[in-house]
Structure formats: structure tokens, C-alpha cells
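Below is one structure, written out as C-alpha cells, with a few remarks after it.
The values are calculated or read from the model by the stated rules, or taken from the named source; none is laboratory data. Note that the structure is a prediction, hence the values are computed from the model and not measured. Reconstructed Cβ throughout: ideal geometry from the backbone, glycine too, with neighbour counts over all protein chains shown.
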Amino acid sequence: MSSVFGSGDISTSDEYLHEIIGFIRVHKDGRCERLLGNNKLPAGIDPSTGVESKDVVISPETNVSARLYIPKTATSDRKLPILIYFHGGGFVFESTTSPAYHTTLNRFTDELNVITVSVDYRLGPEYPVPAGYNDCWEAAHWVASHGTGCGPDAWLNKFADFGKVFLAGDSAGANIAHYLAIRFGLDPIAGITLEGIILLHPYFGGNDPIGSELGKHKKLKAFTDQFWNLANPSGSGLDDPLFNPEKDPNLSGVGCSRIVLFVAEMDSFRDRGLHYKELMDKSGWAGKLELIETKGEDHAFFLFDQFSHNTRENITTRWHLDYKPEPAAADGDDDSDVDLFGEEEKITVEDRAAAVKAFGKKKECGFMLVLFYVFEFTLSAGKSLVLMDIKPWEAVRSVQMEGLLGAHVPKLVPVGYGIKKLQVMFIVDDLVYVDTLIEEHLTVEPTNEYVQSCDIVAFNKI
């Protein structure tokens, strides 16, 4: 059986009180021995992204803490969305300091251009459910305490946009994000606006098997159910509303307008994710749920393969944290390419060809124009962005896209010197953002001593 959960074999040894093979052992004296998630990385400045992180204490009484991340683009004159992230680990292992989560959240913070608050909640079985949920709820209140600019942390006071708060998590952390959104709907936290939740391969379950749990994943269901039973020994079992959303009478009360739900084709929890979508669609909840499935991948693959195409194209580029409400699509229209920023205008193949003819020849490495450098990157939904340096023979030192529909745009590296002035032209297939994009989403910084000024030039069409 190929799975991130190993063979799926259940221990029959009487050597321990509890043993989940390959993950955790509970000794007869009550001591817990965790076999994964024990390595730690310190906070600091990440050399690959420039993201800075630090650890803060949220509750001295419970020793609950968080690791905060800010992108190197953070400035006090443009507030950034807040991403409150809850790590996975079946409620019994992992932490904010583990290499997988620390490196992943450095990248998420950089690519999404957000302030990230990664919560280090207490784990079972030492602290049974609902301790971890309550810790995360307390962390959300702690974040909200900065809404007036007078909270205990300077980064949140200075850089955070409390009108754009998102809850996110993977596996057990996605379960927590869902639960907190329901709790927020019942008891809103003053000082923050919960825009949406991002659920990455959520760890949901139930007593009755569904979908692949009846067949190829029957053994894995029995294996992964062990985590919940270990973390919640005194609860109502696998049909606890915290674990099985179908049993939650408050499901329609999710306190945000948007859910982005990720599932993976090879994941044994895939059908639970699909079932969750069905439940939300039928619940009467008034928001919008977007389902994104990654083909050929298993549970939480992005933690282990952070530079893969699927991680970039199916995870970070699809979050859209600078989200604005979409206008309703007309009947029969496909709303996947809705223009979030204004009127839609088509850029045709002929327009593109005219640009190439006017400025040079297209090469295999994107567009390399005579006396110009042009860079083309893929956005979500198949759109493309073109950045063009319109000064002779020199490339741009730093062009930074901030929050454009979650696009991943690599930093550009200089190939020469002598740039005296930089101009940028952008074209977006099918969508044309002119004034709004320039005002809100595009910044050009002359970070090289040889670049003395920067201008932005926008064209609807060539």
C-alpha cells in the first residue's frame, strides 16, 4: 500500500498503551514518544525568500505560542492580509518549528504576500481535544487584539490588514480552520473580518465509511482513525461533530463568505473532502466554496515537494488572498475567468502577434525581444502576464507583483548594468487591469544603484 501513512498496519503489540506505527507510542507510564516531527528550525530571516520570522507567546498560562512571518516587501503604507495557519499532524504530532512547516510557510508568506501567524497549539494525548481547538481560538483573539494598533506585537500593529483575515491549515489543521470558522459564525471576534478559509486536504472522518473507504482505502481508514481516537479518548468517537461535519448542526453557520477546498487524487481523505463540499452545498450556507483537486498527488504533498509544479500551480497560485467579491455570472456563463477588477476586454492572438512583430522575435525562453527583455508567467485559470523592460539591452533588477490573483512571479535577476530608467508594460490575456492594477497590485522598486528611476506604462492593446 503506497501512502504517506506507510503500510497502514495497526499495532497488535502489548508493549505500549497505544502505538500508531511510525508516528507515536504511548508508554505504560504515560510518556509519549513521537517518531516524527521532532526536528526543529529556528526563526529568523530565510535566505531564499527574504521572509523574516519570529516566535511569540500567546498564552503564558498554557504555553501556547505562534511563529510570525512577514515578507520582505512589507511596508507600513500598504497593509497586508493576515493568514492564520494551523499545522497538521493528526492532533498528536508536528509543530510550527518543524522543517516542513517552517520552510513551507516561508514560501507561502513570500508568494502570497501576507503576514502569517502559525499557531503552535497543544497536542494530544497529553492535552486531549478540544484543547488544540481552544488554543487556536485564543490565538485568533490574540491576533484581533492588534486591530487598534495597540497590541503586543509590533509587526501586526504596523503591517496587518484586519479587514482581510484568512484561516488556513492542512490535514488536522484544516479541520481546525473549519471548526473555528463555524465558531466565528456563532461568536464573531471583534476587530477582525474573516474573509475566508483555506482547507488543504482536511482530516475529516466518520463512523460509517464512504467512497474509497469502502474499498481500496478501507485499511487506511482504520489506520488514520487511530489519530482521532488517541487525541479525543473521551469524546463521542468518530461521529463527534468536530471530526464528522455531517453531524454538526451548525454547519450552515460558517462565519465567512468563501471556502477554498483542496483535495489530492491519491489521498485517502479525498472522498471526505468531496463529501464536505456536498454537505456545505446542501447546508444552506450562503457563501461560495471552490474545490481544487490536484491530480497524481497524495496527502499534504506540498510539504514534501515545495518546488514542484503542482505545489505552485495547484496550491499557492489558487489561494487569491487579495480577494474581492465576484459579480454574479449570467446563466450559462462560465465564471472561472471572472474579472475581479473591472470591465473585461479580450486580447487576441493577433494582438499578441502584432506586439511580437513590433518589438522583436519570440524565443523559446518566453519572449526575448531585440533591445527588450520580456518575461511571461502563467497566472491562475490559464491567464498570462507579460512584464517588459523597454530600455536597451539591460534587464530589470526588481519587479515585484503584490497579490495579483495569487500569481507566483519569480524575482527577476539583473544581467547587466547601466539602466537609467525602467518602464514596465503588462498585458493580461482575457483580462485587462489598468488603473486598478497599477494602484493596488504592481510595485517597481529601483533597488539597484544603477537604476535611477522607475515608470509604469500600461497598454490595453498593442
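Going by what's in this entry, would E33 be described as farther than 30 Å from H141 by Cβ, modelled with pLDDT of 95 or more and either among the β-branched types (V, I, T) or assigned by TED's automatic domain parsing to the domain that holds H141 (or both)?
Criteria met by E33.
List the number of the failed condition for K219; all other conditions in (1) surrounded by fewer than 20 Cβ atoms within 10 Å (Cβ to Cβ); (2) over 17 Å from H299 (Cα atoms); (3) touching a residue at least 60 places away in the same chain (Cβ under 8 Å); (4) charged (D, E, K, R) hold.
(2)
Name the one entry in S95, S145 that is assigned by TED's automatic domain parsing to the domain that holds R258, closer than 30 Å to G22 by Cβ and either over 17 Å from the mean Cα position of the chain (by Cα) or buried (at least 18 other Cβ atoms within 10 Å of the Cβ) (or both).
S95
For residues that are in a helix (DSSP H, G or I) and of a type in the set (S, T, N, Q), scanning just region 158-213, find the one that is nearest to V254 (Cα to Cα).
Only one residue fits best here, namely N175.
Any idea which of A74, A100 is closer than 24 Å to G151 by Cβ and among the small types (G, A, S)?
A74
Filter region 282-320 down to the residues that are of a type in the set (K, R), at pLDDT 80 or above and farther than 20 Å from C256 by Cβ and list them by number.
Across region 282-320, the qualifying residue is only K295.
Across region 272-313, what is the number of residues that are within 26 Å of D239 (Cα to Cα), small (G, A, S) and surrounded by fewer than 14 Cβ atoms within 10 Å (Cβ to Cβ)?
Within region 272-313, residues that are within 26 Å of D239 (Cα to Cα), small (G, A, S) and surrounded by fewer than 14 Cβ atoms within 10 Å (Cβ to Cβ) number 2.
Pull up region 268-307, narrow it to residues that are part of a loop (DSSP other than H, G, I, E, B) and in contact with a strand residue (DSSP E or B) (Cβ under 8 Å, 6 or more places away or on another chain), then point me to the one that is nearest to G205 (Cα to Cα).
F269
Which condition breaks for A172 when tested against (1) surrounded by fewer than 24 Cβ atoms within 10 Å (Cβ to Cβ); (2) in contact (Cβ under 8 Å) with a residue 12 or more places away in the chain?
(1)
I need the full set of residues from region 3-37 which are touching a residue at least 24 places away in the same chain (Cβ under 8 Å) and either of a type in the set (D, E, K, R) or loosely packed, with under 13 Cβ neighbours inside 10 Å (or both), in order please.
D9, R34
If a residue must be buried (at least 23 other Cβ atoms within 10 Å of the Cβ) and part of a helix (DSSP H, G or I), how many such residues does region 112-139 contain?
Adding up the residues that qualify gives 5.
Please find, within region 39-53, the residue that is surrounded by the most Cβ atoms within 10 Å (Cβ to Cβ) out of those that are within 24 Å of V92 (Cα to Cα) and without any contact (Cβ under 8 Å) to a residue 60 or more places away in the chain.
A43
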